[in-house]
Structure formats: C-alpha cells, structure tokens
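Written out below as structure tokens is the structure these notes cover.
The values are calculated or read from the model by the stated rules, or taken from the named source; none is laboratory data. Worth saying up front: this structure is predicted, and the values here are computed from it rather than measured. Cβ: placed from backbone, ideal geometry, glycine included. Neighbour counts: every protein chain shown. Surface accessibility is based on the protein's heavy atoms, side chains included, excluding ligands, DNA and RNA. Shrake-Rupley method; radii C 1.70, N 1.55, O 1.52, S 1.80 Å.
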Amino acid sequence: MKTFFYNLSSGLVIFLMVLTLSSCEKDTEQDASLKLSPEKQVLKKVTLLGNEINLPIGTAWYYTNREKNEVAFELPKGYQFLLHNTLTGEFKVANDGGGYSCTCSSGGSCTTFYNADLGYGCLQSTCGGSCTGKNGKVKSNEVIEGVLYTTNDMVDSDTVKRASLSEIGKKGIFKVAAFRNEIKRTYDLVYKHVDKPDFSNPNFEKNLNNDKFVFAKTYLFGFEIGLIIPNDPNLGKLMTNLQRVEAPKKCDCGGSGSGCDLKKEGLFGYVAYYCTGCTACTMN
C-alpha cells in the first residue's frame, strides 16, 4: 500500500514538473515573440519619402531588423504602392513590399531615421564609408515610385484622395495593365457609336473639331488624367465625374520641383494626357 502511495505521489511530482517546464517554455516563447514583434508608428501628417513621393496620413512604419537600417510601410485602406523592379523594368501595384533602407559603402551599417518635417533619411551609425538611402528594402530590386489611391479604380468615379508619384512613376503607371485597361474601357464605351479622332496623328489636336469633341479631366487611381471625348450632352449625364474643360495648354505646379509639362501617352489606339515636372501638377 505504501508503495502504491509512493508511486502515486512520485507520479504527481513528475507531472507537475513537466507542466511547469512546459509553461516556462511557452512564456519564454511568448517573451521572445514580443521582443521580435515590430513597434509600429503611424504618420500623423503627410510625409515626404525621398524627394518626390508623399506618404499619406495613417501610414504605419516599423523597423524590420535590429540594425535599424530598414523600415517597412503599411499604407492606410484604399492605398497601394506602385513598385518598379529596377532589374526587369516591370511596374506593379502592391500592398506589400514598400520600405526605405540605408546601405553602407564599406564596413559597418547605417541607421534609417524618421523626422516629421524631413521624412526618412540615413545616419552614419557604425558605417565607415558613406550611407545611401533608397525607397525600397535592402535586398529587394523593387523601389517605390508612387503611392496610388486604387479605390478610385474607374474613370467615372469621384475621389478627393490623390496619388503621389515620382517622375518615373508618372510614366510607369501607364504600363500597369489595370490602369491601361480602364482607360481603354472608358474610351471604347464613349466611342461605341461615334467615330473617334485620328489619335495616331501626333498633331491631331490642332485639327480637332471642337464642335464634335471636348477635353475632359478625371482621376484614376488618384492620378489626374485627361481624355478627349465626344461632345455629347447625354454623355455628361451618363458619366457625371468627367469634368469637361477647354483643352489644356499647360500644367501648373503647386508643389516642389521644376515647372510642369503637359504630356500624352498613346495606348490601344487612344491617348491620355497627364502632367509631369513637379510634385503637385494640375492641368490648366
């Protein structure tokens, strides 16, 4: 009988020891995961990234490693990155992959810093050479060339939120299939029963019949574009967010950079107009 109680108590002791060790291991794992989890900060104001792109209010950012030479971004709802692969030349729209990093030209490492007024930059830290910052992650070939408001995914839709694109991004966005296809869809719709102008002629605007065609401004992915559409009052009732204006002769700069220029991009037998040259251009 004594042997029975002895074996029972020994078993209970062993069971409790195993339970305690298991609990300690779980606590240790939880502590480790807490230490490794990123401490996210949220931008309270529009913040400059590099020299051309603005990150919107509500963007979260955090360090991705202990060296603090790289940060990752999480955009607020409705926004996505325009990423450019510098090796393949591809442009894509994505939720993930956006960051800022600093690399050292020799031994040691740089530190990425954030300043509410200056945006993101690099500190020397332990770097024995020079630090170089880029709008991308350390080991990635993809760099941020814009922030798009992709909830605005139809030409005839109203939005007060705007995209922010670099000069490379303003041209590169026309290589994004969803962007190009939506412009084509709109043009196909408005010219379904009307003969379109000769868009293939590089100077067709000079000979454009203003009684038959008008210029319209709108936004797609938060980026301002201009289209030439039939001068049909019924079309204005159907597509109420296409703002009819006189054909623009220039773009006005409302931000930093050099003077704005009016450009056009040919696609699918049509053309779309846009402004380039400074951080906040508008057609005029």
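In order along segment 61-66, the Karplus-derived 3J(HN,Hα) couplings, from 6.51 cos²θ - 1.76 cosθ + 1.60 at θ = phi - 60°, round to 9, 7, 6, 9, 8, 6 Hz, and Gly and Pro are given as x. In this label model, residue 231 and residue 40 are separated by 5.2 nm, measuring between points 7 Å along each Cα→Cβ vector. The amide H of residue 98, built 1.01 Å from its N in the peptide plane, has 73 as neighbours under 5 Å, considering only residues 5 or more places off or on other chains.
Shown is the FRET efficiency for residue 206 and residue 267, computed with R0 = 22 Å from the Cβ-Cβ distance and rounded to the nearest 0.05: 0.55. In this simple spin-label model, placing a label point 7 Å from the Cα along the Cα-to-Cβ direction at both residue 62 and residue 151 gives a separation of 2.4 nm.
The distance linking segment 78-122 with segment 143-219 is 28 Å (Cα centroid to Cα centroid, whole angstrom). Dividing the Cα radius of gyration of segment 138-227 by its Kirkwood radius returns 1.04 for Rg/Rh. Label positions at residue 117 and residue 198, each projected 7 Å from the Cα along the C-beta direction, are separated by 5.7 nm. With R₀ fixed at 51 Å, the C-beta to C-beta distance from residue 189 to residue 106 puts the FRET efficiency at about 0.30. Near residue 277, the amide H atoms lying under 5 Å from its own belong to 261; only residues 5 or more places off or on other chains count, and H is placed 1.01 Å from N. Over segment 151-226, accessible surface divided per residue gives 52 Å², non-protein components excluded, 1.4 Å probe. Phi-derived couplings, Karplus 6.51 cos²θ - 1.76 cosθ + 1.60 at θ = phi - 60°, listed residue by residue for segment 179-187: 5, 4, 5, 5, 5, 4, 4, 5, 4 Hz, with x used for Gly and Pro. Just how many % of Cα pairs in segment 158-284 lie over 18 Å apart, if you round to the nearest whole percent? Of all Cα-Cα pairs in segment 158-284, 52 percent lie more than 18 Å apart. Applying the Karplus relation 6.51 cos²θ - 1.76 cosθ + 1.60 with θ = phi - 60° to segment 110-115 yields 3J(HN,Hα) values of 9, 10, 7, 10, 10, 9 Hz, where x marks Gly and Pro. Dipole magnitude for segment 78-191: computed about the Cα centre from +1 point charges on Lys and Arg Cβ and -1 point charges on Asp and Glu Cβ, it is near 240 debye. When nucleic acids and ligands are ignored and a 1.4 Å probe is applied, residue 283 ends up with an accessible area of around 10 Å².
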